[in-house]
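Okay, so here's the structure we're looking at.
The values are calculated or read from the model by the stated rules, or taken from the named source; none is laboratory data. Owing to the predicted nature of the structure, the values given are computational and were not obtained by experimental measurement. Cβ coordinates were reconstructed from backbone atoms using ideal geometry, including for glycine residues, and neighbour counts include every protein chain displayed. Ligands, DNA and RNA are stripped out before the accessible areas are found, and what is left, the full protein with its side chains, is counted by its heavy atoms. Shrake-Rupley method; radii C 1.70, N 1.55, O 1.52, S 1.80 Å.
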Amino acid sequence: MSEPTPIKSSEIILRKLDDTMDVSSFDCGIEELNGFLRENALEDFRRRMNVTYVLLHAKRVIAYYCILADRIDTKVDPIRRSVRDRLKRKSDYRYTSFPSIKIGRLAVDKDFQSANHCDVHLGQLIVSGLKFQYATERQFGCRYLTVDAMNNDRTISFYKRNGFIPMIAKPSDNPEDTIPMLFDLATMQGNIA
Ligand SMILES: CC(C)(COP(=O)(O)OP(=O)(O)OC[C@H]1O[C@@H](n2cnc3c(N)ncnc32)[C@H](O)[C@@H]1OP(=O)(O)O)[C@@H](O)C(=O)NCCC(=O)NCCS
């Protein structure tokens with residue numbers, strides 16, 4: 001296959017996934033995530049389970065993510081002590097559950113991972129956009145961005161580099177397990193503690 005032409009971030013548009021879009025050639029290297037986009041994303045949308053957005057360049061899907069409502073329950077969820085302390089610090093002490101938005105899935109086409117053939121890091125661009133949107137929009141209460149990250153070094157370091165912290169102390173050795181991680185949107189408006 002020929003090398004893709006480098007693209008500029010100004011040429012990329014963000015759209016909600018719909019059935020006119022061709023997702024057949026999207027390949028992030030993980031078949032489960034390719035398959036979700038091809039087979040499940042629109043059905044999940046119809047069932048109100050999550051909403052998928054795509055980054056398009058000249059009609060080609062170069063990245064996607066889906067989001068859904070979430071909640072962190074400090075009484076139920078397995079949360080490591082330092083995270084529990086952080087969640088319940090000072091002014092937050094009276095809350096036992098925290099409204100959140102979950103990044104259900106996020107993937108960048110292999111051709112464009114690590115800012116290859118593109119002038120921006122697409123993964124970073126998506127996460128920064130979500131942080132900004134949910135920290136500023138204020139249409140509903142939303143304190144954290146969460147993700148159940150795939151249990152591999154690359155994915156975990158991607159989310160850590162983007163400010164997420166693991167909610168559990170010790171990751172499982174099983175690569176099939178996911179690692180719950182969170183980002184505090186309140187840090188975007190200064191320290192409110
Ligand atoms: C994980 C994933 C979404 C990251 O997307 P991405 O656009 O490649 O991410 P970034 O470009 O922000 O980061 C990737 C690399 O760029 C580097 N990088 C990030 N920001 C940088 C910056 N400002 N300057 C220099 N390098 C930077 C990182 O160190 C990283 O290097 P590495 O791959 O050698 O570790 C993407 O690799 C992917 O789709 N993977 C398969 C699916 C997946 O694992 N999804 C997560 C499911 S939870």
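Structural remarks
- Taken over the chain, the percentage of Cα pairs per 5 Å bin, counting from 0 up to the bin with the maximum distance, is 1, 7, 15, 19, 19, 16, 11, 7, 3, 1, 0, 0.
- The peptide list 30-41, 99-110, put in order of mean Cβ contacts within 10 Å with the highest first, becomes 99-110, 30-41.
- Taking all Cα pairs closer than 8 Å and separated by 6 or more residues, the relative contact order of segment 9-187 comes to 19 percent.
- Surface composition of segment 9-187: carbon plus sulfur atoms hold 49% of the accessible area, using a 1.4 angstrom probe and ignoring ligands, DNA and RNA.
- Angle in degrees between helix 122-136 and the longest Cα principal axis of the chain, rounded to the nearest 10: 50
- Put a plus charge on the Cβ of each Lys and Arg, a minus charge on the Cβ of each Asp and Glu, and nothing anywhere else: the dipole of the chain about its Cα centre is then about 1200 debye.
- Greater than 23 Å apart at Cα, pairs in 75/102; 8/110; 75/131; 102/170: 75/131
- Computed log10 I(q)/I(0) for segment 58-155 at 0.13 Å⁻¹: -0.58, from the Debye equation with unit scatterers placed on every C-alpha and solvent omitted.
- For segment 10-48 and segment 133-193, distance of Cα centres in Å: 23
- Solvent-accessible area of residue 54 with every protein chain in place, 1.4 Å probe, in Å² to the nearest 10: 0
- Estimated FRET transfer efficiency (residue 186, residue 27; beta-carbon r; R0 41 Å; 0.05): 0.65
- The chain, helix-only ellipticity at 222 nm - DSSP H runs n ≥ 4, -39,500 (n - 2.57), divided by all residues, nearest 500: -6000 deg cm²/dmol
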